[in-house]
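The values are calculated or read from the model by the stated rules, or taken from the named source; none is laboratory data. None of these values were measured; they are calculated from a predicted model. Here the Cβ is made from the backbone with ideal geometry for all residues, glycine too, and neighbour counts use every protein chain on show. Each accessible area value is taken on the protein alone, full model and side chains, heavy atoms only, with ligands, DNA and RNA left out. Shrake-Rupley method; radii C 1.70, N 1.55, O 1.52, S 1.80 Å.
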Amino acid sequence: MQRFEMNENDKLLIEKGLEVLKNNFDDGIYNHTVGCAIRCKNGNVYTGVNCDGIHGSCAEYITIGTAISAGERDFDTIVAVHDKHLNCVIPPCGNCRQMLFEYCPNIKVIVNDENGKLIKVEAKDLLPFAWQSVIC
């Protein structure tokens, strides 16, 4: 698994995710408890929060859907955040890993490594042996 170093733009991406979460956090209701920010290869940044419920949607889904709805297709880096988590960064769940693998397998995902250091890895490396659609 290749690891990529963090840069200032990545730190700003974390801040954008925390900002959207702060502006939408539902204390006590817990509908919006995770923020997310995605940076496109053209530099545009989109944010979102999770929408909880019986069939809720993760912040990563909401955020990438917002970017796609705006016409974006080329993604650089994504991060999910919560201010109480280690380095404020939350790793994507299994569903999000599969979605990222299918939509943009080379997108960089900001995560904490085994020592608690922030790094970036490609989405395809977060889901070894991922399900892939194949035509027989």
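For segment 82-136, the solvent-accessible area of protein heavy atoms averages 61 Å² per residue (probe radius 1.4 Å; ligands and nucleic acids excluded). Separation of the alpha carbons by more than 20 angstrom is noted, of K11/K41; K16/K120; K41/K117; K11/K117, for K41/K117.
Here the accessible area of segment 7-107 is 49 percent carbon and sulfur, with a 1.4 angstrom probe and all protein chains present. Straightening the chain between H85 and D26 buys 19.6 nm, computed as 0.36 nm per residue apart minus the Cα-Cα spacing.
Rounded to the nearest whole Hz, the Karplus-based 3J(HN,Hα) values (6.51 cos²θ - 1.76 cosθ + 1.60, θ = phi - 60°) of segment 2-14 follow the sequence 7, 10, 10, 6, 6, 10, 4, 5, 5, 5, 5, 5, 4, with x at glycine and proline.
Residues whose amide H lies under 5 Å from that of T33, counting only those 5 or more places away or on a different chain, are N50; hydrogens are built 1.01 Å from N in the peptide plane. Phi angles across segment 101-116 convert, under the Karplus curve 6.51 cos²θ - 1.76 cosθ + 1.60 with θ = phi - 60°, into 3J(HN,Hα) values of 4, 6, 7, 7, x, 9, 4, 7, 10, 7, 9, 8, 7, 5, 9, x Hz, Gly and Pro given as x. Note on K108: aspartates and glutamates with a C-alpha under 18 Å away, same-chain residues under 8 apart excluded, are E5, E8, D10, E15, E60, E72, D74, D76, E122, D125. Note that segment 28-40 has calculated 3J(HN,Hα) couplings of x, 9, 6, 6, 10, 10, 10, x, 8, 9, 10, 10, 8 Hz, one per residue in order, obtained from phi through the Karplus relation 6.51 cos²θ - 1.76 cosθ + 1.60 (θ = phi - 60°); glycine and proline are x. Per residue, the convex hull spanned by the Cα atoms of the chain amounts to 126 cubic angstrom.
A DSSP coil position with no more than 14 other Cβ atoms inside 10 Å describes the following GluC sites (Glu not before Pro) in segment 1-43: E5. Calculated mean residue ellipticity at 222 nm for the chain: -9000 deg cm²/dmol, from DSSP H runs with n ≥ 4 weighted as -39500 (n - 2.57), summed, divided by the residue count and rounded to 500. Ranked by the mean number of other Cβ atoms within 10 Å per residue, highest first, peptides 56-62, 122-128 order as 56-62, 122-128.
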